[in-house]
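Have a look at the structure below, then the notes.
The values are calculated or read from the model by the stated rules, or taken from the named source; none is laboratory data. Please read these numbers as outputs of a predicted model, since none were measured by experiment. All Cβ positions, glycine included, derive from the backbone under ideal geometry; neighbour counts span all protein chains shown. Note: areas computed on protein heavy atoms with side chains; ligands, DNA, RNA excluded. Shrake-Rupley method; radii C 1.70, N 1.55, O 1.52, S 1.80 Å.
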Amino acid sequence: GGLHGPAARLRASLRSPRNRLALPLAPPQNKPDDFDVWRLPDDDSVQKVTVQKDTMVPNAVTLVIEREDHTVGNLLRMELLEDKEVLFSGYRVPHPLEPAIQLKVQTKSEDPGPVKAVDTAIERSVATLDKIGEAFAKAKARH
């Protein structure tokens, strides 16, 4: 059998979400300093972007972009997918405690190629953000 009487009521009470203790979480011991997560070291020991040619997939590269997260990864991925020459674009964050993303791009051919496709995606993203900034400035002036 199971528990009966007061023991059963105590067990049910402890399982109730409203009776659980809200214990403060200890800060993670291996979490990098917030400053180090977003800023490159001053000694040039870390490159902002490195390009690794894929030896198994034609016309493909993986860019490791340091000190960036899902914001930049998803922005570039979506902009790359708008390019008719891009066959594949995806990104991943290798580990939550590593402040970098890996952006993989494959194009139909070497001309323009994946690096040029990323360059074009960055230019289009900057142009879009400029338009948003201009529209915001106009709206702010009218307010």
**Asked** Any idea what the dipole of the range 67-130 comes to, in debye rounded to 20, about its Cα centre with Lys/Arg Cβ at +1 and Asp/Glu Cβ at -1?
**Response** 220 debye
**Message:** Using 31 Å as the Cα-Cα cut-off, could you pick out the over-long pairs in Lys31/Lys138; Lys116/Lys140; Lys104/Lys138; Lys104/Lys140; Lys53/Lys84?
**Reply:** Lys31/Lys138; Lys116/Lys140; Lys104/Lys138; Lys104/Lys140
**Request:** Skip the ligands, DNA and RNA, and give the accessible area per residue of the range 61-143 with a 1.4 Å probe, whole Å².
**Result:** 62 Å²
**Message:** Computing the accessible area with a 1.4 Å probe over protein heavy atoms, can you report the carbon and sulfur percentage for the range 89-136?
**Reply:** 60 percent
